[in-house]
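Everything on this sheet refers to the single structure shown next.
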Amino acid sequence: MSESKSTLYDVGDGMAGCGPIFPEGGFEKNSLRKQVFEHVRGNGSVARSDIARALSISAGSVTGIAAELIAAGLIQEIEDPDREITVRGRPPVALAIVPDSFHVIGIHLANERHSAILTDSIGTVLAETTHSACAPKRPVSDLIDEIILLVTDLLKIAGMALNQISAIGIGIAGLVDHTTGTVAWSPLLSEANVKLAGTIEARTGTPVFIDNDANIVTLAELWFGGGRTNSNFAVMTVEHGVGMGLVLNNRLFRGARGMGLELGHTKVQIGGALCRCGQRGCLEAYLADYALIKEAASALDLTAIGTEKNTMERLSAASKSGDPAAQAIFENAAKYLILGLANIVQLFDPGLIIVSGGHIRYDNLDNIDLGAEAHKLTLNSNINACEVALHAWDGLVWARGASALALSAATDYFTRESR
Ligand SMILES: [Zn+2]
């Protein structure tokens, strides 16, 4: 028995102690200042006594931290909208964020159109712009010029200067290492392993943070959408490709090397349909817009295609007017969508899955109980089905998510104890 124990548990090879070993500085240290600031921002306005109760800290601590945040110009006292005036006649006071305390920019870089927004510290959009993208696969210097043009345009619309911007968040399709700000590969770039964040930082003198498309959509849901009240939720995006984002314990999960959660390239058929990644049988080869367009070209007279969006609109119109071939294409895609949802449930058991993307405008998914259908493909038949919500986004959702990257970084900076 003791021998078997030694074989099983001696993997530390003589290391002292037990338990997981965290890297130095690797703990997530949410200072009380940050917790108070985020609690106020999350609630819009909140009384000091409610903050103390919610964060399980003393009234004295809240008073001290609030005084520091007020002195730093980050929060302010307002008349409490939720409480009656007391008999002594003093209006009750709540704390709220000072919206102008800092500003950020969120940028989404895409194949056809780039979009960008400028927001204040509570995410109010003060300016927005979209630019046509240059030809795909450009060198990084060209993409940076496009980014600088977006920023310049946005600042002009807002009547602000670059030195008033605390952080820039950027979302881009591809394999992105958020920690190092490196784009390992992107369909927008002819070069690989590009240190995009650092290069733009050097050009603008402003801190820059980047992440991939699916992560910024998930951040948009976490900060501004249906994920705000869910600690554990997933987002499945269906558009040109199929992506996924995951929030665990109210934080975005990014994996070890920034290449996880590629739901579109999980295999659903060995030796199946050819995917744009070069491999066969990937989920998105049956579900993404490009896959449906390929089907449409052989099943319908949709060979004279324009843009992907135009073709999807024509295919959708044919389906809705009763064309059986078009309907069959969407019905088949829905089966793969449900398969993808079931696999997410089986792997992560989220409290909610948000299916997001322009694509869902085209399907008749409102008529299908996606949660119930996915539930049939999982082992969990004795518990309730996972909730599935559809969210057809507008064009700014990507930039909103990118702005959340910047808001998050600026919040860390402004609420540091050492400031
Ligand atoms: Zn693939």
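Selection over segment 356-413 of residues that are outside the structural domain of Val242 (by TED's automatic domain parsing), over 18 Å from Arg228 (Cβ atoms) and of a type in the set (S, T, N, Q) gives a count of 0. Would you say Ala197 is within 16 Å of the ligand (Cβ to nearest atom), outside the structural domain of Ser319 (by TED's automatic domain parsing) and touching a strand residue (DSSP E or B) at 6+ places or on another chain (Cβ under 7 Å)? So Ala197 does not fit the description; no. In segment 192-217, the qualifying residues are those that are over 16 Å from Ser403 (Cα atoms) and of a type in the set (S, T, N, Q), and the one that is least open to solvent (accessible area, probe 1.4 Å) is Thr204. Those helices (runs of 4 or more DSSP H) of segment 227-326 in which at least 1 residues are away from the ligand (no atom under 16 Å from the Cβ) and free of Cβ contacts under 8 Å to residues at least 40 places away in the same chain, considering only elements entirely within it, cover 289-299, 308-320. Val93 meets the conditions (1) over 19 Å from the mean Cα position of the chain (by Cα); (2) under 19 Å from Leu219 (Cα atoms) in every case but one. The failed one is (2). Here His114, His131 are screened, and the one residue that is outside the structural domain of Arg257 (by TED's automatic domain parsing) and crowded, with 23+ Cβ neighbours inside 10 Å is His114.
Where strands (runs of 3 or more DSSP E) sit wholly within segment 46-119, those with at least 3 residues that are free of Cβ contacts under 8 Å to residues at least 60 places away in the same chain occupy 75-79, 93-97. When segment 385-404 is filtered for residues that are touching a His at 6+ places or on another chain (Cβ under 8 Å) and either of a type outside the set (Phe, Trp, Tyr) or over 22 Å from Gly245 (Cα atoms) (or both), the ones remaining, listed by number, are Ala385, Cys386, Ala399, Gly401, Ala402. Ala184 meets the conditions (1) modelled with pLDDT of 95 or more; (2) in a strand (DSSP E or B) in every case but one. The failed one is (1). Checking each residue of segment 361-382 against the condition of being in contact with a strand residue (DSSP E or B) (Cβ under 9 Å, 6 or more places away or on another chain), small (Gly, Ala, Ser), surrounded by fewer than 18 Cβ atoms within 10 Å (Cβ to Cβ) and touching a residue at least 24 places away in the same chain (Cβ under 8 Å) gives no match. Output yes when any residue across segment 93-102 is at pLDDT 95 or above, open to solvent by less than 20 Å² (accessible area, probe 1.4 Å) and more than 16 Å from Arg48 (Cα to Cα), and no when none is. Yes, segment 93-102 contains a residue that is at pLDDT 95 or above, open to solvent by less than 20 Å² (accessible area, probe 1.4 Å) and more than 16 Å from Arg48 (Cα to Cα). Of Leu246, Leu175, all but one fail to be open to solvent by 40 Å² or more (accessible area, probe 1.4 Å) and touching a Phe, Trp or Tyr at 6+ places or on another chain (Cβ under 8 Å); the exception is Leu175.
The values are calculated or read from the model by the stated rules, or taken from the named source; none is laboratory data. In this text the structure is predicted, and so the values were computed from the model without any measurement. We place every Cβ from the backbone using ideal geometry, glycine too, and count neighbours over all the protein chains shown. Heads up: the accessible areas ignore ligands, DNA and RNA and are worked out on the full protein's heavy atoms, side chains in. Shrake-Rupley method; radii C 1.70, N 1.55, O 1.52, S 1.80 Å.
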